[in-house]
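A short write-up of the structure that comes next.
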Amino acid sequence: MISPSMRAARFVGGRRIELQELPVPEPGAGEVLVKVDSCALCGTDRRSYETGTAVVPGHEVSGTIAALGQGATHALDARGVVYLVGYCGSCYACRSGATNICLDKQKMYGFDTDGGYAEYVKVRAECFLPVSPDVPLDLATSLLDLYGTSGHAFRRAGLRHGDTVAVMGCGPIGLGAISMAGALGAGEVCATDLAPDRLALADSLGATALDAAGGDAVAAALALHPDGFDVVIEAAGTTATQAGAVALTAPGGTTAFVAHNQQPLLVDTLSELIQRAKTLLGSEYFAVSEFGVNHALLVSGRLDPAPLITHRFPLESIQEAFDLFMAGRGGKVLVQPAG
């Protein structure tokens, strides 16, 4: 039996997080109630962490269905993950299959409606994506931001077997991109970052890890590949790394920007885009239709998220989890309300 109340995290501002007792939400028509197993921390939670938010954050959620609203066709106790975007299904983007950039988003779990730093979360039934029984729920969170974002970026960039790849930034998304590059058959992968522990993780995943704190990482990468790289993933989100990503891109290659940065990007249009025929593109999250492909890569063993999940915390230790993660330490960090 489901308790009438649950524990949930409230981000009150000033990097302070409090646990509160809230009513367990009741699923309405076409909705399901998910008992949260794990919710992964993300850099996009930083604003909530620093300034506070009226909703419960957390958008990388795995769990089991605890209750069904009218018309929801999932099975009770079904295991799966929560797709971030409550897509409309009828706008231009959705009709073209790009649910990730829905133009009429109904909900964004953890941003404008309650998310997964709680014991339960209520979501639209179509946003609950089942996983196979052999995928542990903690590892299933990797199918969302970690692999979903990087897989979509590589598909947008047209990654080919044997292509060289550079990854700017070895936070969770960057580390996921290194893993995904290998799973998709890329050639040599170089990665840059400032944090020693994240560079060590990148090295363990098979990338040539370059320390941006110890010198000019772009120059060091170009010393290895003077012609540049076929695909560059910009996953750090600073003005310097965005410029560096373009500089690292080979003639005819592609730069994919996945990190959120609202600062202008200055590019020499003639030299970089016309004469060197570089392609610059933005890439946000992943289309729901891509989930099955990434799930198959995980089940096959071509993707192994276990080394990337470096820390797990119970919900009552969420403050400690965020303090560690926002200091740039470790890889993927999970909060596990049931643990």
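The values are calculated or read from the model by the stated rules, or taken from the named source; none is laboratory data. Just so it is clear, the structure is predicted and the values come from calculations on it, not from any experiment. So basically every Cβ, Gly included, is an ideal-geometry build from the backbone, and we count neighbours across all protein chains shown.
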Residue check, GLN336 polar (S, T, N, Q), in contact (Cβ under 8 Å) with a residue 12 or more places away in the chain and over 16 Å from HIS59 (Cα atoms): no
Candidates LEU281, LEU315, LEU265, LEU334 - the one that is touching a Phe, Trp or Tyr at 6+ places or on another chain (Cβ under 9 Å), of a type in the set (A, V, I, L, M), more than 29 Å from MET6 (Cα to Cα) and at pLDDT 95 or above: LEU281
Selection count, the stretch 131-170, where residues are surrounded by 20 or more Cβ atoms within 10 Å (Cβ to Cβ), touching a Phe, Trp or Tyr at 6+ places or on another chain (Cβ under 9 Å) and not polar (S, T, N, Q): 11
Failed criterion for GLY252 (all others in (1) buried (at least 20 other Cβ atoms within 10 Å of the Cβ); (2) at positive phi hold): (1)
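Please go through the stretch 259-295 and give me each residue that is among the small types (Gly, Ala, Ser) and closer than 23 Å to ALA240 by Cα, ordered by number. Please lay out each step first, then the result.
Applying the first criterion (among the small types (Gly, Ala, Ser)) to the stretch 259-295 yields 259, 271, 277, 282-283, 287, 289, 292.
Selection gives ALA259, SER271, ALA277, GLY282, SER283.
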First in the stretch 194-222 and closer than 21 Å to LEU303 by Cβ and touching a residue at least 12 places away in the same chain (Cβ under 8 Å), second anywhere and among the polar types (S, T, N, Q) and crowded, with 21+ Cβ neighbours inside 10 Å, Cβ under 8 Å, 6 or more apart: LEU205/SER179; ALA209/THR192
Options ALA125, ALA118, ALA157; residue that is under 21 Å from ILE178 (Cα atoms) and either touching a strand residue (DSSP E or B) at 6+ places or on another chain (Cβ under 8 Å) or in contact (Cβ under 8 Å) with a residue 12 or more places away in the chain (or both): ALA157
Residues being buried (at least 21 other Cβ atoms within 10 Å of the Cβ) and under 15 Å from the mean Cα position of the chain (by Cα) - total across the stretch 304-321: 2
Residue identified as of a type in the set (Gly, Ala, Ser) and surrounded by fewer than 16 Cβ atoms within 10 Å (Cβ to Cβ) among ALA296, ALA259, ALA287: ALA296
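Looking only at the stretch 282-311, count how many residues are without any contact (Cβ under 8 Å) to a residue 40 or more places away in the chain and not small (Gly, Ala, Ser). Please lay out each step first, then the result.
Applying the first criterion (without any contact (Cβ under 8 Å) to a residue 40 or more places away in the chain) to the stretch 282-311 yields 282, 292, 296, 300-301, 311.
After this cut, where a residue has to be not small (Gly, Ala, Ser) as well, the list is 311.
The qualifying residues number 1.
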Test set (1) among the hydrophobic types (A, V, I, L, M, F, W, C); (2) closer than 30 Å to VAL82 by Cβ; (3) in contact with a strand residue (DSSP E or B) (Cβ under 7 Å, 6 or more places away or on another chain) - LEU205 fails condition number: (3)
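Within the stretch 127-162, how many residues are under 25 Å from LYS107 (Cα atoms) and either touching a Cys at 6+ places or on another chain (Cβ under 8 Å) or basic (Lys, Arg) (or both)? Walk me through it before giving the result.
Of all residues in the stretch 127-162, those under 25 Å from LYS107 (Cα atoms) come to 127-131, 137-153, 156.
Now drop any that are not either touching a Cys at 6+ places or on another chain (Cβ under 8 Å) or basic (Lys, Arg) (or both), which leaves 141, 145, 156.
Matching residues across the stretch 127-162 total 3.
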Residue pairs meeting the criteria (Cβ under 7 Å; at least 6 apart or on separate chains; first under 16 Å from ALA259 (Cβ atoms), in the stretch 136-153; second of a type in the set (Ser, Thr, Tyr)): GLY148/TYR285; THR149/TYR285; HIS152/SER283; HIS152/TYR285; ALA153/SER283
Residue list for the stretch 215-238, filter: farther than 20 Å from THR279 by Cβ and among the β-branched types (Val, Ile, Thr): THR238
Residue list for the stretch 292-309, filter: of a type in the set (S, T, N, Q) and either under 12 Å from LEU146 (Cα atoms) or modelled with pLDDT under 95 (or both): ASN294
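Being of a type in the set (Gly, Ala, Ser), surrounded by 16 or more Cβ atoms within 10 Å (Cβ to Cβ) and modelled with pLDDT of 95 or more narrows it down to one residue among ALA217, ALA221, ALA212; which is it? I'd like the intermediate steps shown before the answer.
Values: ALA217 fails: modelled with pLDDT of 95 or more; ALA212 fails: modelled with pLDDT of 95 or more.
Being of a type in the set (Gly, Ala, Ser), surrounded by 16 or more Cβ atoms within 10 Å (Cβ to Cβ) and modelled with pLDDT of 95 or more holds for just one of ALA217, ALA221, ALA212, which is ALA221.
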